[in-house]
Every structure is written in C-alpha cells, then in structure tokens.
Amino acid sequence: MSGQTTSEYIGHHLQFLKTGDSFWNIHVDTLFFSVLAAVIFLAVFRSVAKKATSGVPGKLQCAIEIVVEWINGIVKENFHGPRNVVAPLALTIFCWVFIMNAIDLIPVDFLPQLAGLFGIHYLRAVPTADISATLGMSLCVFALILFYTVKSKGFGGLVKEYTLHPFNHWAFIPVNFILETVTLLAKPISLAFRLFGNMYAGELIFILIAVMYSANAAIAALGIPLHLAWAIFHILVITLQAFIFMMLTVVYLSIAYNKAEH
C-alpha cells in the first residue's frame with residue numbers, strides 16, 4: 001500500500017484486468033481464474049477416478065465419494081425426473097463455485113503483487129465477485145429451465161405456461177405473460193446477485209482489514225488475528241454460497257420439469 005491513499009488502494013484492488021476501456025470488454029482475470037478453477041476440479045476428480053479402489057479408500061477418495069453421494073441424494077430428493085444430467089450438473093456447480101469462492105482466502109495482496117512482477121497492474125482473482133461471471137452462470141440455468149419445460153411439455157406447453165397461468169382465460173393473456181415473465185426472470189437474477197453480493201462483500205472486508213493493518217500502526221498487531229478470524233468464518237460463507245447456488249438450480253429445474261409435466 002506504500003505510496004497509495006486508502007481510496008486508491010481499495011480502488012486498485014477492485015479493478016479488473018480488462019481487454020479495453022469500452023463497455024464491451026472481457027475481464028481477463030475473471031475468465032482465467034474461472035478456467036483455472038474448472039481445471040482444478042476436473043484434475044482432482046480425474047485423479048481420484050483413476051486411482052479409485054474398491055478396498056479401503058484414501059482420504060481424498062473418501063471425501064470425493066461423500067460429496068458425490070451427498071449431492072446425488074439431494075438431487076434424488078428434489079428432482080423427480082431423469083437425473084443423468086441434473087446430478088452431474090449439480091456436482092459440477094457445487095465444486096466449481098466452491099473452488100472459485102475459495103480463491104478469496106488467498107491474502108488480498110499476494111496475487112496482485114505476483115502479477116505485478118509480470119507487468120500486470122490490475123488483478124481480481126475471485127470470479128464469483130464479478131457480476132458478469134455469476135450472471136453468465138445464471139443465464140445458463142435460465143436456458144436449462146426453458147429446456148426442461150419444453151422437454152416435458154413441448155413448445156406449445158411452454159407458451160401455455162406463460163400465457164394461461166395463473167388465470168386460465170384468453171382475456172388475461174397479457175397479465176399472465178407479464179406475471180410469469182417476471183417470476184421466470186427473477187430466478188436467474190436472484191441467483192446471480194445473491195452469489196455476487198456475498199462474495200463481493202467478503203472480498204471487500206478482506207481489503208478493509210488489510211487497509212487497517214497497513215494504515216494504523218496501533219492496530220497492526222491485530223491484522224493477522226482479524227484475517228484469520230474472518231477467513232475461518234468465510235469458509236462457511238463460501239461453502240454455503242456454493243450449496244445455495246447448486247440447490248436453487250436443482251429446485252428451479254425440478255419446478256420447471258414437474259410444473260410442465262403436470
């Protein structure tokens with residue numbers, strides 16, 4: 001933080017590594033760490049699958065099996081339809097989002113300073129603290145909601161779903177369409193903003209703790225205990241947010257499938 005004011009320090013840490021200054025740009029850091037989290041997830045699961053044994057499992061295999069069985073049980077209880085796609089999707093969402101969230105536990109100055117050695121002046125490492133990433137994932141869930149509605153009842157059923165419900169009369173088609181469209185759009189938007197809001201707040205608190213640690217010598221000794229205390233609490237937050245995103249995805253797909261089915 002040397003040579004920077006508090007506002008400059010915070011502003012610097014909240015800047016993305018972009019491809020340009022226009023509205024249409026790509027957050028390179030978000031994209032990079034999202035892909036990195038996916039690679040870590042795939043590498044760990046592939047390694048465990050290749051080394052899996054029917055005998056006494058190792059600690060990592062045991063942990064993976066617990067997660068897989070737990071999520072499969074959640075999907076079985078909440079999604080009453082073919083689970084060959086939804087169960088792997090739920091597992092992927094939980095693990096991927098958890099790993100992206102967990103990047104927030106890395107000290108706030110470590111990765112930006114490391115990137116600075118390579119001439120990279122801005123870096124935000126937590127993809128889920130970027131609304132463009134969480135909204136992108138939520139739009140994929142939105143597309144799946146429409147897909148499962150069409151799969152269960154056909155395109156005609158999709159049209160009827162949003163024009164003849166809740167008032168089953170042709171005169172109320174405009175009202176029905178507005179009500180159902182708002183309800184439908186609220187699902188991906190709430191998914192995106194819930195995850196983004198919690199992770200952005202967590203990231204900001206880590207930055208503020210670092211500011212207090214650097215700016216005030218009187219409380220510098222509290223820097224490490226404060227970081228440790230918030231990190232321990234934040235482990236619960238990152239796990240809970242991954243679970244909520246996964247759980248709501250399964251519930252929304254279940255509602256789309258069952259509602260259309262009946």
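Cβ-Cβ contacts under 9 Å between residues 6 or more apart (or on different chains), taken from a first residue in segment 154-170 that is farther than 17 Å from THR183 by Cβ to a second residue that is assigned to a loop (DSSP other than H, G, I, E, B), are listed as TRP170/THR163; TRP170/LEU164.
Give the residue that is nearest to GLY157 (Cα to Cα), with candidates limited to residues of segment 168-177 that are open to solvent by 70 Å² or more (accessible area, probe 1.4 Å) and among the hydrophobic types (A, V, I, L, M, F, W, C).
Start the filter on segment 168-177 by keeping residues that are open to solvent by 70 Å² or more (accessible area, probe 1.4 Å), which leaves 168-170, 172, 174, 177.
Next, only the ones that are among the hydrophobic types (A, V, I, L, M, F, W, C) stay: 170, 172, 177.
Details: TRP170: 15, PHE172: 17, PHE177: 14 Å.
Among them, the one singled out is PHE177.
Exactly one residue among ALA125, ALA143, ALA87 is open to solvent by less than 30 Å² (accessible area, probe 1.4 Å) and under 24 Å from ASN25 (Cβ atoms), and that residue is ALA125. Residues of segment 29-49 that are open to solvent by less than 60 Å² (accessible area, probe 1.4 Å) and under 16 Å from ILE131 (Cβ atoms): ASP29, THR30, PHE33, SER34.
Residues in segment 189-207 that are surrounded by 16 or more Cβ atoms within 10 Å (Cβ to Cβ) and within 12 Å of the chain's Cα centre (by Cα): LEU191, ALA192, ARG194, LEU195, PHE196, ASN198, MET199, TYR200. The residues of segment 240-257 that are surrounded by fewer than 19 Cβ atoms within 10 Å (Cβ to Cβ), modelled with pLDDT under 95 and in contact with a Phe, Trp or Tyr (Cβ under 7 Å, 6 or more places away or on another chain) amount to a single one, SER254.
Among residues of segment 1-50 being in contact with a strand residue (DSSP E or B) (Cβ under 8 Å, 6 or more places away or on another chain) and assigned to a loop (DSSP other than H, G, I, E, B), the one that is modelled with the lowest pLDDT is ASN25.
With respect to GLU180, determine if the residue is crowded, with 16+ Cβ neighbours inside 10 Å, in a helix (DSSP H, G or I), of a type in the set (D, E, K, R) and at pLDDT below 90.
Working: crowded, with 16+ Cβ neighbours inside 10 Å: yes; in a helix (DSSP H, G or I): yes; of a type in the set (D, E, K, R): yes; at pLDDT below 90: yes.
The answer is yes for GLU180.
The values are calculated or read from the model by the stated rules, or taken from the named source; none is laboratory data. Here the structure is a predicted model, which means the values were calculated and not measured. Virtual Cβ from ideal backbone geometry, glycine too; neighbours counted across all protein chains shown. Just so you know, the surface numbers come from the protein's heavy atoms only, side chains and all, with ligands and any DNA or RNA stripped out. Shrake-Rupley method; radii C 1.70, N 1.55, O 1.52, S 1.80 Å.
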